[in-house]
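The structure appears below as structure tokens.
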Amino acid sequence: MDAGLAAVLGAMVGALGTGATGLAAALLSRNTARHQVKAESMRALRDSRRATYLAFAETHERYLDLLSTTLLPLSRVERFPDQREEWIEKAHKRWNQALKYRQNEVQKIRVVLALDATRPVADAALEVTERFILLSGATGRAIEALKGQALDGGPITPPLSGYVELLTGYGLDPEAPDLGVLQDRVQDAYKAFLRTAADAVGENRLLPSG
């Protein structure tokens, strides 16, 4: 083969090789960039959901505290007959505080979570919601019975469709359900939500211990 022709062919092969290498590098770079964008999007979604789940948990923990402070004076009504009316009024006042918190902060975070939650977390949150409303409704009815008058339940009435059926399903008397049992069931649902939410975002726990 002529030396000049060989040199031309060699240059052509070299150019083709360089072009192929450049094309492979471009494809690899594009795939890497696409993977990075996808990873960042998934990380942002996980962080967003974690923040929403955490806000839901903290809001409901506060709600549980408010309802628990309502149950305390209720438990003292019969133990301290001389202060009966005072304890009833304290229970009513604290129940109203819990109700307002539910109508504002609790309802707001429930709407946010409904838009951002995975199906398992949404189901766990619904269980929390039902049990909280049962506890709140039963507490309100207990106060009504003591006061001999209906309470202002605000715009969220009736408290829950199937209220009687749910209480019956829990093995409780719909007319006078055990508030302590309902409180325990709320705490169980709350803990189950924390486990489900933590699993959904790949953490051991959603809230720090203690």
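The values are calculated or read from the model by the stated rules, or taken from the named source; none is laboratory data. The model shown is predicted, which means the values in this text are computed figures rather than measured ones. Glycine gets a Cβ as well: all are built from the backbone with ideal geometry, and neighbour counts include every protein chain shown.
Can you find a residue that is buried (at least 18 other Cβ atoms within 10 Å of the Cβ), in a helix (DSSP H, G or I) and within 18 Å of the chain's Cα centre (by Cα) anywhere in the stretch 70-77?
Among the residues of the stretch 70-77, not one is buried (at least 18 other Cβ atoms within 10 Å of the Cβ), in a helix (DSSP H, G or I) and within 18 Å of the chain's Cα centre (by Cα), which makes the answer no.
Can you pull out the residues in the stretch 162-187 that are touching a helix residue (DSSP H, G or I) at 6+ places or on another chain (Cβ under 8 Å) and either of a type in the set (D, E) or outside any helix (DSSP H, G or I) (or both)?
Passing the criteria: Y170, L172, D173, P174, A176, P177.
So how many residues does the stretch 141-184 have that are of a type in the set (G, A, S), modelled with pLDDT of 85 or more and under 21 Å from L64 (Cβ atoms)?
Here the count works out to 2.
Which of the residues that make up the stretch 80-93 are surrounded by fewer than 14 Cβ atoms within 10 Å (Cβ to Cβ) and of a type in the set (F, W, Y)?
Once the filter is applied, which keeps residues that are surrounded by fewer than 14 Cβ atoms within 10 Å (Cβ to Cβ) and of a type in the set (F, W, Y), the stretch 80-93 yields only F80.
For V13, work out the one condition from (1) among the β-branched types (V, I, T); (2) surrounded by fewer than 17 Cβ atoms within 10 Å (Cβ to Cβ); (3) modelled with pLDDT of 90 or more it doesn't fulfil.
Failing condition for V13: (3).
Does any residue of the stretch 94-116 turn out to be of a type in the set (G, A, S), closer than 17 Å to H60 by Cβ, touching a residue at least 12 places away in the same chain (Cβ under 8 Å) and crowded, with 20+ Cβ neighbours inside 10 Å?
Let us first name the residues in the stretch 94-116 that are of a type in the set (G, A, S), namely 98, 114.
From what is left, the residues that are closer than 17 Å to H60 by Cβ are 98, 114.
Within this subset, residues satisfying the condition of being touching a residue at least 12 places away in the same chain (Cβ under 8 Å) are 98.
Now drop any that are not crowded, with 20+ Cβ neighbours inside 10 Å, which leaves 98.
The answer is yes, given that some residue of the stretch 94-116 is of a type in the set (G, A, S), closer than 17 Å to H60 by Cβ, touching a residue at least 12 places away in the same chain (Cβ under 8 Å) and crowded, with 20+ Cβ neighbours inside 10 Å.
All but one of (1) modelled with pLDDT under 95; (2) surrounded by 13 or more Cβ atoms within 10 Å (Cβ to Cβ) hold for A124; which doesn't?
The number of the failed condition is (1).
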